[in-house]
Amino acid sequence: MDHFDLIVIGSGPAGRRAAIQAAKFGYEVLVVERGRRVGGVSVHTGTIPSKTLRETVLNLTGWRERGFYGRSYRVKQDISAGDLRARLHMTLDHEVEVLELQFARNKVSTVYGEARFVSPEKIEVKSEEGDVKLFSADKFILAVGTKPFRPDYVPFDGEFVLDSDEILELNQLPRSIAVIGAGVIGVEYASIFSALDVAVTLVEPRDTMLDFLDHELVSDFTHQLRDRGIAMRFGSKVKSIEKHGPGECEIFLEGGRSVRSNVILFAAGRMGATPSLNLEACGLEVDHRGRLKVDPVTFQTSVPHIYAAGDVIGFPSLASTSMEQGRIAACQALGEKAYDPPEYFPYGIYAVPEISTVGMTEEEIKERGIPYECGIARFRETSRGQIMGLDTGMLKLIFSLKTRRLLGCHIVGEGATELVHIGQAVLNLKGTLEYFVENTFNYPTLAEAYKIAALDAWNRMGPLKN
Ligand SMILES: Cc1cc2nc3c(=O)[nH]c(=O)nc-3n(C[C@H](O)[C@H](O)[C@H](O)COP(=O)(O)OP(=O)(O)OC[C@H]3O[C@@H](n4cnc5c(N)ncnc54)[C@H](O)[C@@H]3O)c2cc1C
């Protein structure tokens, strides 16, 4: 039996960063991956595929040019599922290659197969061919991620009623799609399909969506979706789903309405991928969604030599945060120095249009009773926005009235997920309104919106008093 300093189960963003960090310290590390290739959900079914799909759709449809040439502008008239898949496979192959190279360069060992605990210090790894090998380690990091939640009342068939992993394998573009679940994944796919001129209905049992975002931003975003013709059936629970024939699906909602579509995407939640780990053998328990509980600073589970990171520990369930959690968990597990992450991290939603946000929302600030002022800029107010033909897009900054410090930065529109990093830097470096007012920005850029929003707030806050 081979023994390692650290065994990492899962090669997604959390596992990958954990393993490479540990190897850089000189430890013997083994990564166990049950998929055919390394990379996890992030590379194979989640982040990278959905973002590649989005980019392909925006390019082939000519979406970014429509503000200028009108809504009927198209780069390619008949876009097929094959057109969308071509770029996807190229991107994924490249991502896997980079990752394999990183593992090889850093001397991280990998084994393919499903890991399960046989005792607190030992795992058994079963390959696809059925070979079983035993490994032991001083420390473990569980980075097994999640799988789509598939409730029994949904008649998944891999062709017309799909989860968010299966949607990438569509053989044909549907004429209409109903997306159940207006969370991040549902909203991203709904808006991407709508950009492809597919008729979209978004079904959500709650009355609102994306509640963790600043409400003004969500309201702007919702308006844009409705304006594009996305139908929203909010506040309606799904009662049942029926398939009348191939490409003829119907969702029956409580309250009497129904939604007909060619395809249904069920995107309401994910479950921790913990059942296969045989956690009883190491003394760990999971919650009702299969997630593990950890110390929020050290990522240590209730079993001292076992740590967990990434989606399997729950919110925020992002590739970006999972990577940092994995790295910190490795440092903590191996007794190496780990720096606390900055207070605020950005959240990116790659819908069409993009949304990105960092810091407190206006609702949170109000709740905390902090006196504040907001400044808003519309992208069309910037010269760059005019050049790009943008008629939508906004940036909202929130400042403290007492300290003038930036408290929150919220963006919806083209480039939001890149632009937000300016706000993130100012926020974490404890910058104030004066940073934006007194600094020169490249011209013409969308980043100028920061200055415009800051000046908008300045108009009400007045100059800095000595
Ligand atoms: C459609 C979609 C879009 C997304 N978009 C974004 C985005 O734009 N930005 C962003 O930051 N995040 C995004 N995410 C979230 C992101 O993909 C996840 O946060 C991230 O992949 C979590 O990383 P992880 O390392 O925790 O787990 P995962 O990436 O899920 O990897 C876990 C790995 O563990 C392996 N594994 C599981 N059990 C075992 C076992 N018993 N033995 C061996 N191996 C095992 C799995 O095969 C898998 O490879 C998206 C997710 C989805 C589904």
Checklist outcome for this item: Candidate cut points under trypsin sites (Lys or Arg not before Pro) in segment 249-299, DSSP loop plus at most 14 other Cβ atoms within 10 Å of their own Cβ, are R257, R289, K293
Checklist entry - Which percent, to the nearest 5, of DSSP beta bridges fully inside the chain are antiparallel? => result 60
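Is the C-alpha gyration tensor of segment 188-329 telling us rounded, prolate or oblate? Criteria: a/c under 1.5 is rounded; beyond that, a/b larger than b/c is prolate, otherwise oblate. Numbers along the way, then the final one.
Details: a/c = 2.72, a/b = 1.81, b/c = 1.50.
The shape class here is prolate.
What is the calculated FRET efficiency for H223 to A104, with r their C-beta to C-beta distance and R₀ = 56 Å, to the nearest 0.05? Could you put the intermediate results ahead of the total?
Working: r = 49 Å, r/R0 = 0.88.
About 0.70, to the nearest 0.05.
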Next on the checklist: Along the Cα→Cβ direction, 7 angstrom out, place labels at H288 and N428. What is the inter-label distance in nm?
Outcome noted: 3.5
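Can you give me the relative contact order of the chain as a percent, contacts being Cα pairs under 8 Å and 6 or more apart?
Working: 984 pairs, mean separation 70.5, N = 466.
Computed over the chain, the figure is 15 percent.
Rounded to the nearest 5, what is the percent of antiparallel bridges among the DSSP beta bridges in segment 32-166? Could you put the intermediate results ahead of the total?
Numbers: 10 of 12 bridges.
Taking every DSSP beta bridge with both residues in segment 32-166, the antiparallel ones total about 85 percent.
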Next on the checklist: Given the -39500 (n - 2.57) contribution per DSSP H run of 4+ residues, what per-residue ellipticity at 222 nm results for the chain, rounded to the nearest 500 deg cm²/dmol?
Outcome noted: -9500 deg cm²/dmol
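From the square roots a ≥ b ≥ c of the eigenvalues of the alpha-carbon gyration tensor of the chain, which class results: rounded (a/c under 1.5), prolate (a/b over b/c), or oblate? If you can, show how the numbers build up before the last one.
On the way: a/c = 1.81, a/b = 1.21, b/c = 1.49.
Note, shape of the chain comes out oblate.
Rg(Cα) of segment 262-352 divided by 2.2 N^0.38 Å?
1.25
Just the accessible area per residue of the chain, please: how many Å² with a 1.4 Å probe? Walk me through the intermediate numbers first.
Numbers: 21670 Å² over 466 residues.
I get 47 Å² per residue for this part.
Pairs to check: K147/K243; K337/K396; K126/K237; K51/K402; K293/K337. Give those whose C-alpha atoms are more than 32 Å from each other in this structure. Don't skip to the answer; put the middle values down first.
Details: K147/K243 24 Å; K337/K396 37 Å; K126/K237 41 Å; K51/K402 40 Å; K293/K337 22 Å.
Pairs exceeding the cut-off: K337/K396; K126/K237; K51/K402.
Sorted by packing (mean other beta-carbon atoms within 10 Å per residue), highest first, where do 218-230, 177-189 land?
Working: 218-230: 16.1, 177-189: 24.0.
So the peptides 218-230, 177-189, ranked by packing, come out 177-189, 218-230.
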Item to check | chymotrypsin sites (Phe, Trp or Tyr not before Pro) restricted to segment 271-341 and DSSP loop, no more than 14 other C-beta within 10 Å | outcome: Y339
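Suppose the chain between R36 and H421 were pulled fully straight at 0.36 nm per residue; how much longer would it get relative to their current alpha carbon spacing? Mind showing how you got there, number by number?
Numbers: separation 385, 0.36 × 385 = 138.60 nm, distance 3.46 nm.
Extra length available between R36 and H421 comes to 135.1 nm.
What percentage of the solvent-accessible surface of segment 331-466, computed with a 1.4 Å probe over protein heavy atoms, is contributed by carbon and sulfur atoms? Present the calculation step by step, with values, prior to reporting the outcome.
Values: 3320 of 6570 Å².
Carbon and sulfur: 51 percent of the exposed surface of segment 331-466.
Within segment 181-297, what percent of beta bridges assigned by DSSP are antiparallel, to the nearest 5? Working shown, then result.
Numbers: 10 of 14 bridges.
Antiparallel bridges make up about 70 percent of those DSSP assigns within segment 181-297.
Check each of the GluC sites (Glu not before Pro) in segment 83-129 and keep only those in coil by DSSP with at most 11 other C-beta atoms within 10 angstrom; list them in order.
Working: sites: E95, E97, E100, E114, E121, E124, E128, E129; in loops: E121, E128, E129.
Taking segment 83-129 and a limit of 11 other Cβ atoms within 10 Å, the loop GluC sites (Glu not before Pro) found are E128, E129.
The values are calculated or read from the model by the stated rules, or taken from the named source; none is laboratory data. Treat the numbers as computed from the prediction; the structure is a model and nothing was measured. A quick note on method: Cβ atoms are made from the backbone with ideal geometry, for glycine too, and the neighbour counts reach across all protein chains shown. Just so you know, the surface numbers come from the protein's heavy atoms only, side chains and all, with ligands and any DNA or RNA stripped out. Shrake-Rupley method; radii C 1.70, N 1.55, O 1.52, S 1.80 Å.
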